[in-house]
Each structure stands twice: as structure tokens, then as C-alpha cells.
Amino acid sequence: MDVRILVTDHLHKVFHELAKRCGIRVDERLGATRDELLRLVPGYDVLVVRSRTRVDGEIIAAGRKGRLRLIVRAGVGLDNIDLEAAKRYEVEVVNTPTASTQSVAELVLGLMIAAARSIAWLNYRARNGVWLKERGLELYGKTLLVVGFGRIGRRVAAMAKALGMRVKAYDVIDIERSARSLGVEPVYDLCEALRSADVVSVHVPLTKQTYHLFSDKLFECMKPRTIFINTSRGAVVDAEALLRALEEGKVYAAGLDVLEHEPPATPAEKKLLEHPRVIVTPHIGASTEEAQYRVAILSLAAITRRLGICCPEAEEAIKPVCDQLEEMGLNC
Ligand code: MLT
């Protein structure tokens with residue numbers, strides 16, 4: 001079977017090795033521009049992207065005129081893919097939603113502790129010859145509000161409980177049972193919940209409804225000295241409003257793995273980058289060896305299964321990945 005895959009973002013090398021063993025041709029065009037994509041995509045059955053490549057309706061239409069049948073989003077968020085267009089042109093879209101859950105949750109914990117203790121700022125000062133203590137905050141006994149109680153939110157909640165935190169969760173869907181089963185208190189009024197939270201961690205997808213969800217209005221609901229963490233999508237937060245909240249003391253410190261513009265482009269984003277109580281990482285939530293290995297295996301397995309390619313090597317590789325995810329309480 002002559003199957004061609006186009007990859008436009010960086011994937012773990014195991015994807016390429018395994019595809020080769022399955023006899024599938026993979027062409028890698030890292031950093032391909034939109035124009036290049038429009039030109040290339042009709043020649044491929046499958047397009048594999050991470051969050052950098054924007055797959056809009058025109059690209060999907062161009063692909064459909066050629067061989068394109070499947071788009072694999074090697075990761076979680078689908079906000080960079082025009083899902084309506086994909087549906088209209090009957091191009092299937094799959095992602096690997098569980099592969100990076102643990103890595104993102106671990107980063108959240110890291111950012112929470114780093115923000116509470118100003119680790120990045122104090123490290124910077126120490127390196128520059130300023131050896132001065134600064135009093136931070138403990139997380140034990142504090143209230144964490146998880147906004148968005150999907151896989152990552154639930155994982156963060158479980159880890160935070162192990163730190164001795166009290167955890168509340170908010171979502172637009174009914175989370176009563178899933179929250180209670182983890183010993184988490186479900187809350188239904190976001191502003192009200194923000195008034196009692198010491199730490200807020202955001203885990204919502206980027207949609208029209210969540211764009212700039214965290215703007216002045218919600219920051220005003222927060223109690224003073226809140227620690228604010230965002231590892232979901234940058235555009236869920238209005239950077240200018242966050243800056244004001246930091247200046248007014250509503251937000252004590254922030255840990256941001258994502259920004260609306262990556263790399264930071266607006267004056268507010270650049271100020272956040274320089275702020276002593278803000279830690280910014282370059283969208284590394286899923287960027288661990290383990291998560292990227294799982295993403296690669298699950299992406300390839302999705303392709304072989306969807307396109308009916310018989311490849312025992314891919315099936316063999318997926319087994320331990322699924323076993324591990326199951327052990328974590330996640331599915332493949
Ligand atoms: C995701 O949605 O999977 C993450 O933001 C990470 C990525 O795409 O690399």
C-alpha cells in the first residue's frame with residue numbers, strides 16, 4: 001500500500017523509525033510555511049502536525065483535492081486545526097490526548113512550586129551576584145482551584161492533594177462525580193471560587209468561549225496574592241489584564257508555559273517575560289522524552305489503524321505505551 005505522510009513539526013525519532021519499518025514513506029518539512037503547505041499537502045495521505053502548524057480550511061481543501069485523508073494532531077489541543085472544514089471535506093482528524101497528561105501535570109507542579117518560592121528570579125539574582133534571601137510561600141494547606149477538569153486538570157488535582165493542598169475544580173460540564181471520587185470539591189461559580197483560591201491552574205481548551213476568559217473581570221474576583229498558572233493555551237489569558245493583576249497584587253506570581261503569541265510579541269507579553277514574579281517557559285508542557293515517545297507511537301498507530309495498514313511492529317510498540325497509560329489511569 002503506497003501511503004505518504006507529511007510531517008511539519010518535530011516528532012520523536014521513533015515515529016520515523018517505526019514508519020520506515022512499516023514500509024510507510026514519511027517526508028519531514030519542519031517549519032513549512034503556509035504557502036509550502038498549500039503546495040505540498042495534496043501529495044500526501046496523512047498530515048502530521050503539533051501545535052506550531054496552523055491547518056486552516058484552505059489547506060484542508062487543497063489536501064482533499066489531492067490524496068489527503070487524515071490529519072494527525074500529535075498532541076492534545078485541536079485549536080490549530082479547522083475542525084469544521086475537516087468535517088466538511090471529510091478529512092478525519094485524530095489526536096493523542098493522553099500521551100502528555102503526566103508531563104504537563106508535572107510541569108504545573110514545577111511552576112507552582114517555582115512561583116511560590118520565586119525560584120527562577122532568585123536563581124537569576126544569585127547568578128548575578130545578589131545573594132539575598134526572599135521569603136516565599138508554602139503550598140501545604142493552601143487551596144488550589146483547577147479550572148478545566150479534564151485529564152490534565154484531574155492529574156494536577158491528584159498530585160496537589162499529595163502535597164497537602166485542598167483542591168477545588170471548576171468546569172462548564174458536570175464534574176460532580178469525577179471530582180468527588182478524587183476528593184476534590186466541585187464548584188459552579190468561577191468568580192466565587194476564585195475568591196477563596198490561593199493557587200489557580202488553568203486547563204481549558206482554546207475556543208471562542210474561552211478566548212481571554214481570564215481578563216480583568218476574573219482577575220478582580222481573585223483574592224490578593226494568588227499564584228496563577230497557565231499551561232493550556234496563551235489566548236485563554238489576556239496578558240494585559242494579568243500584568244495589571246500582578247501590579248495590583250491580586251496575582252502574587254505567575255507560571256506561564258503558553259502565551260497568546262509564541263514567541264512573545266506584544267508589549268504586555270514582553271513585560272510579563274521580564275517580570276520578577278513571572279516564570280515563562282516556551283510551551284514545553286508536552287516536551288519530555290517520555291511524552292514525545294508516547295505521542296509518536298500513538299500517532300503512528302492511529303495512522304496504521306485508520307488506513308488499515310498491517311504493521312505488527314507498530315502494534316508491538318503500542319502495547320507497552322497503552323499498558324503504562326492504563327497504569328496511570330488513562331486510556332490509549
Ligand atoms: C499539546 O496540545 O499537545 C501541547 O500544547 C503541546 C504540543 O503541541 O507540542
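Read-outs throughout are calculated quantities, based only on the coordinates presented, and are distinct from any laboratory measurement. Nothing here was measured: the structure is a model prediction, and the numbers come from that model. Neighbour counts run over all protein chains shown; Cβ positions are idealised from the backbone, glycine included.
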Sort 16-26, 85-95 for me by packing, meaning the mean count of neighbouring Cβ atoms within 10 Å per residue, highest on top. 16-26, 85-95
Over all pairs of distinct alpha carbons, what does the Kirkwood formula give as the hydrodynamic radius of region 77-167, in Å? 16.1
Which number do you get for Rg(Cα) / (2.2 N^0.38 Å) in region 163-259? 1.05
Arranged from highest to lowest average of other beta-carbon atoms within 10 Å per residue, in what order do the peptides 308-321, 281-294, 109-122 appear? 109-122, 281-294, 308-321
Stretched out fully, how many nm does the piece from E248 to H261 gain, at 0.36 nm a residue minus the Cα gap? 2.3 nm
Please figure out what share of the DSSP beta bridges in region 101-280 is antiparallel and state it in percent, rounded to the nearest 5. 0
Could you give the distance between the Cα centres of region 61-76 and region 85-99, to the whole Å? 8
Region 101-280: relative contact order in percent, alpha carbon pairs under 8 Å with at least 6 residues between: 21
Eigenvalues of the Cα gyration tensor times 5, then square-rooted: what semi-axes does that give for region 202-311, in whole angstrom, largest first? 34, 15, 12
Over the chain, what is the relative contact order in whole percent, taking alpha-carbon pairs under 8 Å and six or more residues apart? 16
Helix-derived mean residue ellipticity, 222 nm - over the chain, DSSP H n ≥ 4, -39500 (n - 2.57), to 500: -12000 deg cm²/dmol
Could you tell me the center-to-center distance, by alpha carbons, between region 207-261 and region 108-132 in angstrom? 20
Calculate, in nm to one decimal, what I173 and L132 gain on full extension: separation in residues at 0.36 nm each, minus their alpha carbon distance. 10.1 nm
Using Cα centres only, tell me the gap between region 5-32 and region 265-321 in whole Å. 14
Highest mean first, how do 131-141, 227-237 rank when packing is the count of other Cβ atoms within 10 Å averaged over residues? 227-237, 131-141
With T = 4 °C, eta = 1.567 mPa s and Kirkwood Rh from C-alpha pairs, the Stokes-Einstein D of region 101-280 in µm²/s is about 80
Suppose a student asked you for the relative contact order of region 215-332, using Cα pairs under 8 Å spaced at least 6 residues apart; what percent would you report? 19
For the residues S178, S299, S51, S196, what sequence is obtained by ranking on other C-beta atoms within 10 Å, fewest first? S196, S178, S51, S299
Plugging the Kirkwood radius over Cα pairs into Stokes-Einstein for the chain, at a temperature of 37 °C and a viscosity of 0.692 mPa s, what D comes out in µm²/s? 156
Free-by-geometry Cys in the chain, Cβ-Cβ under 4.7 Å as pairing rule, reported as C310
Mind pulling the angle between the C-alpha long axis of helix 101-116 and the longest principal axis of the chain? Nearest 10 degrees, somewhere in 0 to 90. 20
